[in-house]
Amino acid sequence: MSFCERKCQIVGSIIGLVVVFIIANVVFMNVSSENNPAHINSFNYPPEKVQNGGYIIFDTNRVVEKEDISHEEGTANFIINQAGNYYIQFNTTIYEPPSTGKEATLSVYLEHNNATVYGTTVGEAVSDAYQTVNLNFGVIIQANSGDILRVKNNSGTVIELLQPNISIIRIK
């Protein structure tokens, strides 16, 4: 092989590698943006007292990615702006206030358009005042644009929540 042929082969290889790199970069960027789903994470830092039948208020939106889900800080409602499948994960610690001083089941659940989402009702019995329990659920739902999601207290008593936290992620 002559020097010129060898040089042309090296230049051709370099051009080929550059083209492959450009194509890989474009594909990677498209995949990366598709793999960054719409999501929101909201929480409430100070302790929050919630009446029986009341909704948990989330005062801080920590992360909001895209506009598929919206939430106004200081409210309970999460509004779906883009139809699709959503993963909802919730957790909190509930403090049994001394006002009841009797056995109770501290319980919450997710509402989707005023209906209970089955599989999200979580509760735990307490028998002493000043007792804490951890409650959490995770569920996948199908939602339409305009649907409303919120978490409700159904304990039969006032509960005090310590840092409730919710994440809603659109999974297509």
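Filtered by the rule that a residue be under 18 Å from the mean Cα position of the chain (by Cα), exposed (fewer than 13 other Cβ atoms within 10 Å of the Cβ) and not in a strand (DSSP E or B), the range 126-158 gives N144, S145, G146.
Is it the case that the range 122-136 has a residue that's among the hydroxyl-bearing types (S, T, Y), modelled with pLDDT of 85 or more, in the same structural domain as L161 (by TED's automatic domain parsing) and out of contact with any Lys or Arg (no Cβ under 7 Å at 6 or more places or on another chain)? Scanning the range 122-136 turns up no residue that is among the hydroxyl-bearing types (S, T, Y), modelled with pLDDT of 85 or more, in the same structural domain as L161 (by TED's automatic domain parsing) and out of contact with any Lys or Arg (no Cβ under 7 Å at 6 or more places or on another chain).
Conditions (1) under 15 Å from H39 (Cβ atoms); (2) without any contact (Cβ under 8 Å) to a residue 40 or more places away in the chain, marked per residue:
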site	(1), (2)
S70	yes, yes
I79	yes, no
T93	no, no
S107	no, no
A115	no, yes
K152	no, no
Q163	no, no
I166	yes, no
I169	yes, no
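Is there a residue in the range 159-168 that is loosely packed, with under 14 Cβ neighbours inside 10 Å, under 15 Å from S42 (Cα atoms) and either in contact with a His (Cβ under 6 Å, 6 or more places away or on another chain) or not acidic (D, E) (or both)? Scanning the range 159-168 turns up at least one residue that is loosely packed, with under 14 Cβ neighbours inside 10 Å, under 15 Å from S42 (Cα atoms) and either in contact with a His (Cβ under 6 Å, 6 or more places away or on another chain) or not acidic (D, E) (or both).
The values are calculated or read from the model by the stated rules, or taken from the named source; none is laboratory data. What you see is a predicted model, and the numbers here were worked out from it, not measured in a lab. When we count neighbours, we look across all protein chains shown, and the Cβ atoms used for this are built from the backbone with ideal geometry, even at glycine.
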